[in-house]
Amino acid sequence: MAGLRAAGAVGLSDLTGSVFPGIRPETYVSHALHSSERMWPETNCYVDLWIEVLSALNVAPEAMLGFTLTQDFEGDQFTFFKVPLEDLEALYDIRVTELAIFDRVERHLDVQIERGRLCLVEMDSFYMPDTQGTSYRTEHGKTTVAVNRLDVAGKRIEYFHNGGYFALEGDDFDGLFQVHLADDAPPFLPYTEFAKFPVAPSDPNHVRATSRQLLKRHFDRRPSVNPIRTFANVFPRQVEEVAERPFYFFHKYAFNTLRQFGANFELAGDHLAWLSANEFSEAVEQARRISEVAKSVQFQLARAVTRKKYEPLLTALDPAVDAWDAMMASLAERL
């Protein structure tokens with residue numbers, strides 16, 4: 001890749017490039033972890049993005065998922081689970097750090113893409129057509145994308161987001177990059193990371209051995225108190241409060257509670273099965289049980305909010321509480 005360009009050496013109309021030149025939205029096939037047949041085809045924007053990026057690099061994304069054991073209930077939400085950057089480096093020799101944004105975002109993206117770096121940028125989902133039906137042109141929301149291809153002259157980007165790979169252009173491009181602002185208007189500068197990839201993918205044997213080491217480390221960092229039990233103790237009361245809010249708030253609450261721990265433990269089961277389906281069979285079963293209960297209770301939550309009947313929620317999470325205890329006890333025997 002070419003070196004850093006001198007400041008001012010190129011105009012915005014000249015910017016173009018890609019990190020993965022062989023990928024196109026119209027032919028892209030998502031990783032199996034995003035299959036529509038799963039309980040939670042999408043989890044959260046950050047983990048989903050990395051699943052697809054790692055797949056594009058031809059390494060196993062399942063290897064990074066040991067951190068799911070550390071998820072906790074934070075009082076108002078479950079941990080928004082994200083792969084630790086040090087795990088990405090240990091497993092795949094991918095180095096991720098913050099990218100300082102002091103110029104137009106497009107200029108920074110162009111420089112890094114030309115050097116083979118993938119930029120992870122917080123964007124406004126209001127301008128992202130792949131969020132049609134949730135945020136697109138209806139509400140402003142923060143989400144993370146990885147920009148793979150940039151064409152400023154054509155007002156188009158291609159990017160990894162959630163469980164797929166997409167493109168946007170035209171007015172959506174202008175909105176994302178605040179082209180509509182006056183020259184003297186202060187822009188919003190998003191939080192941005194950039195990933196430096198190794199020359200060659202990590203050896204699969206190294207990835208598997210390191211993944212097992214990280215699993216033990218994350219198991220030792222698991223919550224000291226069953227987080228689903230802690231949540232279950234406040235769940236009915238929280239739902240009563242949610243029922244008094246506009247209905248759109250229900251979706252935000254469900255996403256940050258039931259979906260977060262349900263998707264988290266579905267991925268935990270995938271991780272353990274990838275490491276050794278036989279050795280971790282009991283833990284895999286319990287992880288999937290947690291995920292199933294979260295999915296079921298999400299429907300019960302919707303009914304409770306609509307009917308304002310909360311008593312069924314008092315014990316709805318009990319099977320997931322028991323499954324978390326059983327999962328951790330099984331892992332303790334093996335780790």
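The values are calculated or read from the model by the stated rules, or taken from the named source; none is laboratory data. Keep in mind the model is a prediction, meaning the values are calculated, not measured. Please note: Cβ atoms are built from the backbone with ideal geometry, for glycine as well, and neighbour counts cover all protein chains shown.
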* Some residue of the range 100-108 being within 29 Å of Ser202 (Cα to Cα) and either in contact with a His (Cβ under 6 Å, 6 or more places away or on another chain) or surrounded by 13 or more Cβ atoms within 10 Å (Cβ to Cβ) (or both) -> yes
* Structure fact -> Looking across the range 303-335 at residues that are small (Gly, Ala, Ser) and out of contact with any Lys or Arg (no Cβ under 9 Å at 6 or more places or on another chain), the single one that is nearest to Ala273 (Cα to Cα) is Ser330
* Could you list all residues from the range 73-89 that are buried (at least 19 other Cβ atoms within 10 Å of the Cβ) and outside any loop (DSSP other than H, G, I, E, B)? => Phe73, Phe78, Asp87
* Do the conditions hold for Arg115, that is, is it touching a Gly at 6+ places or on another chain (Cβ under 9 Å), closer than 30 Å to Asp203 by Cβ and either of a type outside the set (Val, Ile, Thr) or assigned by TED's automatic domain parsing to the domain that holds Leu57 (or both)? -> yes
* **Candidates Lys309, Lys252 - the one that is of a type outside the set (A, V, I, L, M, F, W, C), outside any helix (DSSP H, G or I) and out of contact with any Phe, Trp or Tyr (no Cβ under 7 Å at 6 or more places or on another chain)** => Lys309
* Structure fact -> Gly66 passes all but one of the listed conditions (1) assigned to a helix (DSSP H, G or I); (2) surrounded by fewer than 23 Cβ atoms within 10 Å (Cβ to Cβ); the exception is number (2)
* To do: Give the residue that is nearest to the chain's Cα centre (by Cα), with candidates limited to residues of the range 31-44 that are more than 17 Å from Ala63 (Cα to Cα) and among the polar types (S, T, N, Q).
  => Asn44
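Listed here are the residues, each with its yes/no results for (1) buried (at least 19 other Cβ atoms within 10 Å of the Cβ); (2) touching a residue at least 12 places away in the same chain (Cβ under 8 Å); (3) in contact with a strand residue (DSSP E or B) (Cβ under 9 Å, 6 or more places away or on another chain); (4) assigned by TED's automatic domain parsing to the domain that holds Val53.
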{"site": "Gly163", "(1), (2), (3), (4)": "yes, yes, no, yes"}
{"site": "Leu168", "(1), (2), (3), (4)": "yes, yes, yes, yes"}
{"site": "Leu181", "(1), (2), (3), (4)": "no, no, no, yes"}
{"site": "Leu189", "(1), (2), (3), (4)": "no, yes, no, yes"}
{"site": "Pro201", "(1), (2), (3), (4)": "no, yes, no, no"}
{"site": "Phe235", "(1), (2), (3), (4)": "yes, yes, no, no"}
{"site": "Glu240", "(1), (2), (3), (4)": "no, yes, no, no"}
{"site": "Glu244", "(1), (2), (3), (4)": "no, no, no, no"}
{"site": "Phe249", "(1), (2), (3), (4)": "no, no, no, no"}
